[in-house]
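Asks: Quick one: the structure is below, questions incoming.
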Amino acid sequence: MVSDPYGGKFWRKSFDPHVKSHFDYPENKLFHDLFLEAVDEVPDITAVNYMGKEITFRQIDALSNRFAAFLIKQGLKPGDVVGVYSLNLPAYYIAIPAISKAGCVLTGVSPLLTPRELEYQLKDSGAKILLALDVFWGNISQVIDRVKLKAIALTGFSDFLPDAQPIKLPESSVPVFRFTDIMQEYPADPVNIRVKGEDPLLMQYTGGTTGPSKGAVLTHNNVVRHMIQWGNYVDGVKGQERILCPFPLFHQAGLFLGLFCLVWATPQVAIPNPRDYDFIIKTIKEYKPTVLTAVPTIYLELMKKPEFRALDFSGVWGCIAGAAPFPVEYLKEFEDIVGKDKFSEVYGMTETCPLIAANPRYGKRKFGSVGLPVGDTEVKIVDPATREPVPIGEPGELAVRGPQVMKGYHNKPEETANAFREGWFYTGDICRMDEDGYIFIVDRLKDMVIVSGYKVFTRELDDIIVEHPDVALAASIGVPDPNRPGNEQVASAIVLKEGVEKNEAEKEKIREFIRKREAPYKVPKVIVFYDSLPTSAVGKILKRELREMLKAG
C-alpha cells in the first residue's frame, strides 16, 4: 500500500515550497504583543501614511497607550466592547492596538448602516465606548438615548494634519470627547492588560446579505495565529513591503490587512474613500506600493482610467482581490496593465478571520479559482443534505477548520450550533475543488435555485450572462413560480452597457445566448433591467434587497 505523504490534504502538493502545513503557535500571545515586537524592530519607519502625514510605529504605540488609558479611565474592563464607527483615518489605526492593550474587544461599525441597524449592533454587541467620525453624528444622535454608551470619542478628517482645527462637540446626554484632546491629555505610559489567548479581540459583524447581521467573535489566538499563517503563505518579510488597501477597516478584510501591517512592520496608506479613484491612482504613483489589495469593483473602475493604465507597476509583485468574484473575462486585460502573474484571488469570511484560501505567491495561479487552503487549514466539500464528501470536481458545501475559525456568534448559540458540526465550520458556500486542490466558488448555498428538482448555481449563471457583449452586470436569484406552486424559477437582474436599449428583444437575445451554453431549466424566466444593483460596502450584491426590488417589479 502506497503511503499518503499529505495525510489526505492533497492540496499541499501544490503549495509553494516555503509554505508550512503546521505551526507551533506561541501560547497566550496577544495581538498587541506582536504589535510591540514590530515597534521594537522598526520604531521609526512609517506605519500609516494619511494624506501625506506619516505616523511612525513608535508614534502609533505612544498614541495607542493614550487611548487605552482613556478607555480604562472610563471604567472599561477586560472583555468590554469598543465600537469604531469611522472611515480609514489615523484614529482607527491607533484604536486597534489601544483596544487590545486595554484588554477590550473591537467591533467595527459600518458607516453604511441605517440608524436602526446602528442601534441593533450597538445593543447586540454591548458596546460601552464609541469612537466615531464626527460626520456620522446625525445617525448617532438618533439612537444615543436607546443604547448604553459610557462615552463617545469623535475624530475628524483633519485630525493629525497640519493646521487642523478642533472639531465642534455636539450637545449630548452621553459624555463626548475629542479624539485629539485624548491624545494630548492622557499619558503615553505603556498599557498592557493581560487576558488569555482564548479571550475575544474582535466582534465583527457579518455582511448580512441574506439576513440579520451576526457578531463573529474572533479571539487573540484566532488573530495571532492567522497572522502567522498568512505571513508564511505570502512569504512576508517584516519592513520590506508597502501595502495600499482601499478595503474599509470596518470590514473584516480591511481590518485584517490593517492588523497584519501593524504586526508585520509594513507601512500602509489610509484610504478614507475607496471610491476616490483619482486619489488611489495618485497614491500609487507617489507611494509606490509593492502590494495592492482591493475588491474587484475597484480594480474594474480603475481599469477605465487612462491614468491607471499609464502607471509603472514594475515594483508591484501582487494585486490581490477578494470579498467578491473577479470576472474572468477581464483578467487578461488586467494583466496587460499590471503585468503577468501578479493577480491573485483570495477567499475568506468574517467568521474565519478572514482567509481560507489564496492563490500561491510563486506557484501556479488559476484564473477563476480562489486558490489553495492556506497553511494549517483543513477543508472538505460535502453534499449539503448528507454532509458526506463529494468526489473531486463535484460541487458541494465547503467546510473548514483551522486556528483562524471563530469562537462562535455573539449571543446566538443556535446560530453557532448550526454553523459547526464536529469541529468543522460550514461556510454556506457551494464550491468545487480540482485535482490540484484549487478551490472554485460556485454559489452561496442560500442562493442556489431548485428548478423542477434540478440545481441552478446562480453565480455560474451570472458569469455566463456577463459574457454577453451587451451586459455590464448580472445577479440571479430564485423566485416562486406562479404557474407551479411550491416550485422556483430563475430571475435575473441585469445592468446593460451604456447605449444598449432596454426592451423585450434584448431580453430574448440574452436568453438565446444562455440557451446555447446551458440547459433549458437554467434560462431565466424573469429578466429585469436596472440602472444599478444594490451592493455592500465591499461590492457584494445584496440579494435580500434584490429580492425586494424584483418583487416591486
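Any read-out appearing in this document is the output of simple, stated calculations on the displayed coordinates, not a laboratory observation. Computed from a predicted model, the values in this text were never measured in an experiment. We place every Cβ from the backbone using ideal geometry, glycine too, and count neighbours over all the protein chains shown.
Asks: Quick one: Debye curve from the C-alpha atoms of the stretch 448-552, no solvent, what's log10 I(q)/I(0) at q = 0.11, 0.13, 0.15 Å⁻¹?
Replies: Evaluating at q = 0.11, 0.13, 0.15 Å⁻¹ gives log10 I(q)/I(0) of -0.31, -0.44, -0.59.
Asks: Take the cross-link list 9/342; 9/407; 73/238; 304/525; 128/214; 29/285 and give me the ones stretching past 28 Å between alpha-carbons.
Replies: In this structure, 73/238; 304/525; 29/285 exceed 28 Å between Cα atoms.
Asks: Can you compute the modelled spin-label distance between residue 332 and residue 123, with each label point 7 Å from Cα toward Cβ, in nm?
Replies: Here the answer is 5.4 nm between the modelled labels.
Asks: How much length, in nm to one decimal, is gained on full extension between residue 142 and residue 40, taken as 0.36 nm per residue of separation minus their Cα-Cα distance?
Replies: 32.4 nm
Asks: Which pairs, out of 305/497; 340/522; 101/540; 332/497; 148/412, put more than 25 Å between their alpha-carbon atoms?
Replies: With Cα atoms farther than 25 Å apart: 340/522; 101/540.
Asks: While we're here: On full extension of the chain, what length is gained from residue 161 through residue 509, given 0.36 nm per residue of separation minus the C-alpha to C-alpha distance?
Replies: Separation in residues times 0.36 nm, less the Cα-Cα distance, equals 119.8 nm.
Asks: For a label point 7 Å from the Cα of residue 463 along Cα→C-beta, name the residues of the stretch 413-444 whose backbone N is under 17 Å from it.
Replies: 429-444
Asks: Can you tell me the relative contact order of the chain? Whole percent, Cα pairs under 8 Å, sequence separation 6 or more.
Replies: Worked out over the chain, it gives 13 percent.
Asks: Roughly how many nanometres apart are two label points built 7 Å out from the Cα toward the Cβ at residue 150 and residue 324?
Replies: 3.9
Asks: Stretched out fully, how many nm does the piece from residue 22 to residue 435 gain, at 0.36 nm a residue minus the Cα gap?
Replies: Net length gain for the segment: 146.5 nm.
Asks: At a Förster radius of 35 Å, what calculated FRET efficiency corresponds to the Cβ-Cβ distance of residue 548 and residue 383, to the nearest 0.05?
Replies: 0.65
Asks: Can you run phi through the Karplus equation (6.51, -1.76, 1.60; θ = phi - 60°) for the stretch 165-170 and list ³J(HN,Hα) in whole Hz, with x for Gly and Pro?
Replies: 9, x, 6, 7, 8, x
Asks: Same structure, new question: Before anything else, pin down the relative contact order of the stretch 448-552: Cα pairs under 8 Å, at least 6 apart, normalised by residue count, whole percent.
Replies: Taking the mean separation of contacting Cα pairs over the length of the stretch 448-552, I get 25 percent.
Asks: A further question on this structure: Taking the Cα atoms only, what angle lies between the long axis of helix 220-233 and the longest principal axis of the chain, rounded to 10 degrees?
Replies: That works out to roughly 60 degrees.
Asks: Kindly rank 373-379, 262-268, 34-40, 540-546 from highest to lowest mean number of other beta carbons found within 10 Å of each residue.
Replies: Going by the mean number of other Cβ atoms within 10 Å, highest first, we get 262-268, 373-379, 34-40, 540-546.
Asks: What's log10 of I(q)/I(0) for the stretch 1-121 at q = 0.10, 0.18 Å⁻¹, Debye sum over Cα points only, no solvent?
Replies: Computed log10 I(q)/I(0) values: -0.50, -1.00.
Asks: Between residue 483 and residue 135, take the C-beta separation as r, use R0 = 51 Å, and let me know the FRET efficiency to the nearest 0.05.
Replies: FRET efficiency, residue 483 to residue 135: 0.50.
Asks: If each of residue 417 and residue 362 carries a label point 7 Å out from its Cα toward its Cβ, how far apart are those two points in nm?
Replies: If labels sit at residue 417 and residue 362, their model points lie 4.8 nm apart.
Asks: Under 11 Å from the Cβ of residue 341, count the other residues' Cβ atoms, weight Lys and Arg +1, Asp and Glu -1, and hand me the total.
Replies: After counting each charged neighbour, the total is +4.
Asks: Here's a follow-up. Would you tally the net charge around residue 476, using a Cβ to Cβ cut-off of less than 10 Å, leaving residue 476 out, and scoring K and R as +1, D and E as -1?
Replies: -1
Asks: Could you give each residue of the stretch 380-389 its phi-based ³J(HN,Hα) in whole Hz, using Karplus coefficients 6.51, -1.76, 1.60 with θ = phi - 60°, and x for Gly or Pro?
Replies: 8, 10, 10, 5, x, 7, 9, 6, 8, x
Asks: Same structure, new question: What does the helix-only formula give at 222 nm for the chain: each DSSP H stretch with n ≥ 4 adding -39500 (n - 2.57), the total divided by the residues, and the result rounded to the nearest 500 deg cm²/dmol?
Replies: -8500 deg cm²/dmol
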